[in-house]
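K.L.:
Attaching a single structure in structure tokens format; questions to follow.
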Amino acid sequence: MTDAAVLPGQPRGAVVSGPATPRAVNVLAPNASAMTLDGTNTWLVSEPDSELAVVIDPGPLDDGHLRNVIGTAEKSGKRIALTLLTHGHPDHAEGAARFAELTGTKVRALDPALRLGEEGLGHGDVVTVGGVELRVVTTPGHTADSLCFHLPADRAVLTGDTILGRGTTVVAHPDGRLGDYLDSLRRLRSLTVDDGVHTVLPGHGPVLEDAQGAVEYYLAHRAHRLAQVETAVENGHRTPGEVVAHVYADVDRSLWPAAELSVRAQLDYLREHGLI
């Protein structure tokens, strides 16, 4: 979910299905829209010489797409052994149960309602399949159950909707909370500084090769929007709808409902901190 199509200074790279790093292959779902950009990036992750692969976010309930993911793995001589979810929004997770049926895999997620199997996911967990290692990073904010997956061998992080390849993401109020989201961005920044992560493999949009720059951009954007919302309230724009019309006047109106979710989260944050 985005709240702006392309922001000044951000790349406009094209999204292409295929290898993005030595261990991560993108299979693009055919669900492009204003909210999903070019579509959902389903990630197929494996060691190059392994017969086993992990799929992150099988995407919408689209049988053609799900079978395409399986076919992409099979063409590389791989079998899908596990399904992981970054969060529960339908464009990422609706196809998970059907995908599990097609592949015979378990589904692991933070939210117990999304799991198929006993085992969930939590911060600091390490998932290893066929030699490939994924480290779980809890990143609530877009949603309460949002996760990212650190792929240390490729110095990459799979971010779901926490960081997108183009535009910025919605803080999906009331489930998403701005304070949590800012903390999550700082957690990702530490990965870029302390763990050498340089590549963002997002849930939508193109791959970003400057992970630290992307995180800093998101933090600056959030600070700017928060200041705009605070000023709008001070100037008499009291309701979320009034604030959206004032602050997001330059954004396509089709995105205003999503922007209102972020505005509600920002208003809550400002109230909690005694700023309005």
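The values are calculated or read from the model by the stated rules, or taken from the named source; none is laboratory data. This structure is a prediction, so every number in the text was calculated from the model and none was measured. Heads up, the Cβs are rebuilt from the backbone with ideal geometry, glycines too, and the neighbour counts pull from every protein chain shown.
K.L.:
When the stretch 21-47 is examined, which residues are found to be under 16 Å from the mean Cα position of the chain (by Cα) and not in a strand (DSSP E or B)?
P.N.:
Ala29, Asn31, Ala32, Ala34, Met35, Thr36, Asp38, Gly39
K.L.:
Would you say Ala265 is crowded, with 16+ Cβ neighbours inside 10 Å, within 30 Å of His198 (Cβ to Cβ), modelled with pLDDT of 95 or more and not polar (S, T, N, Q)?
P.N.:
It is true that Ala265 is crowded, with 16+ Cβ neighbours inside 10 Å, within 30 Å of His198 (Cβ to Cβ), modelled with pLDDT of 95 or more and not polar (S, T, N, Q).
K.L.:
Another question about this same structure. Exactly one of these conditions fails for Val127: (1) part of a strand (DSSP E or B); (2) over 15 Å from Ala24 (Cβ atoms); (3) not acidic (Asp, Glu). Give me its number.
P.N.:
Answer for Val127: the failing condition is (2).
K.L.:
Turning to a different aspect of this structure: Can you name the residue in the stretch 247-259 that is in a loop (DSSP other than H, G, I, E, B) and in contact (Cβ under 8 Å) with a residue 12 or more places away in the chain and is also surrounded by the fewest Cβ atoms within 10 Å (Cβ to Cβ) among such residues?
P.N.:
Going through the qualifying residues, I end up with Asp252.
K.L.:
Moving on to the next point. Which condition does Glu216 not pass, out of (1) under 17 Å from the mean Cα position of the chain (by Cα); (2) assigned to a helix (DSSP H, G or I); (3) crowded, with 16+ Cβ neighbours inside 10 Å, if it passes all the others?
P.N.:
(3)
K.L.:
Is it the case, given these coordinates, that Val244 is touching a residue at least 24 places away in the same chain (Cβ under 8 Å), surrounded by 17 or more Cβ atoms within 10 Å (Cβ to Cβ) and assigned to a helix (DSSP H, G or I)?
P.N.:
The answer is no for Val244.
K.L.:
Another question, then. When only residues in the stretch 187-212 that are under 20 Å from Ala14 (Cβ atoms) and among the aliphatic types (A, V, I, L, M) count, which is surrounded by the fewest Cβ atoms within 10 Å (Cβ to Cβ)?
P.N.:
Of everything passing the filter in the stretch 187-212, Val207 is surrounded by the fewest Cβ atoms within 10 Å (Cβ to Cβ).
Here's the yes/no breakdown for (1) closer than 20 Å to Pro202 by Cα; (2) touching an Asp or Glu at 6+ places or on another chain (Cβ under 9 Å); (3) surrounded by fewer than 15 Cβ atoms within 10 Å (Cβ to Cβ):
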position	(1), (2), (3)
Asp63	no, no, yes
Leu66	yes, no, no
Ala73	yes, no, no
Gly77	no, yes, yes
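K.L.:
Got a sec? Which of Leu178, Leu164, Leu201, Leu191 is touching a residue at least 60 places away in the same chain (Cβ under 8 Å) and farther than 25 Å from Arg264 by Cβ?
P.N.:
On the way: Leu178 fails: farther than 25 Å from Arg264 by Cβ; Leu164 fails: farther than 25 Å from Arg264 by Cβ; Leu191 fails: touching a residue at least 60 places away in the same chain (Cβ under 8 Å).
Being touching a residue at least 60 places away in the same chain (Cβ under 8 Å) and farther than 25 Å from Arg264 by Cβ holds for just one of Leu178, Leu164, Leu201, Leu191, which is Leu201.
K.L.:
Inside the stretch 88-140, can you point out the residues that are touching a residue at least 12 places away in the same chain (Cβ under 8 Å) and on the phi > 0 side of the Ramachandran plot?
P.N.:
Within the stretch 88-140, Gly124, Gly130, Gly131 qualify.
K.L.:
Being at pLDDT 95 or above, more than 27 Å from Gly196 (Cβ to Cβ), among the small types (Gly, Ala, Ser) and touching a strand residue (DSSP E or B) at 6+ places or on another chain (Cβ under 6 Å) is true for just one of Ala172, Ala96. Which residue is that?
P.N.:
Ala96
K.L.:
I would also like to ask the following. Quick one: in the stretch 118-152, which of the residues that are more than 24 Å from Gly71 (Cα to Cα) and small (Gly, Ala, Ser) is surrounded by the most Cβ atoms within 10 Å (Cβ to Cβ)? Can you show your working first?
P.N.:
The first filter runs over the stretch 118-152 and keeps only residues more than 24 Å from Gly71 (Cα to Cα), leaving 118-126, 135-148, 150, 152.
Narrowing the set further to residues that are small (Gly, Ala, Ser) leaves 120, 122, 124, 141, 144, 146.
Numbers: Gly120: 15, Gly122: 9, Gly124: 9, Gly141: 25, Ala144: 17, Ser146: 31.
Across the stretch 118-152, the extreme among qualifying residues is Ser146.
K.L.:
Just a yes or no: is a residue in the stretch 230-239 of a type in the set (A, V, I, L, M), assigned to a loop (DSSP other than H, G, I, E, B) and out of contact with any Cys (no Cβ under 9 Å at 6 or more places or on another chain)?
P.N.:
Looking through the stretch 230-239, none of the residues is of a type in the set (A, V, I, L, M), assigned to a loop (DSSP other than H, G, I, E, B) and out of contact with any Cys (no Cβ under 9 Å at 6 or more places or on another chain).
K.L.:
Looking at the stretch 166-186, can you tell me whether even one residue there is of a type outside the set (Lys, Arg) and within 25 Å of Val25 (Cβ to Cβ)? If you could, list the steps in order and put the result at the bottom.
P.N.:
Of all residues in the stretch 166-186, those of a type outside the set (Lys, Arg) come to 167-176, 178-185.
Still in the list and also within 25 Å of Val25 (Cβ to Cβ): 167, 169.
Within the stretch 166-186, one or more residues are of a type outside the set (Lys, Arg) and within 25 Å of Val25 (Cβ to Cβ).
K.L.:
So, one more: Ile70 passes all but one of (1) in contact with a strand residue (DSSP E or B) (Cβ under 6 Å, 6 or more places away or on another chain); (2) among the β-branched types (Val, Ile, Thr); (3) in a helix (DSSP H, G or I); which number fails?
P.N.:
Condition (1) is where Ile70 drops out.
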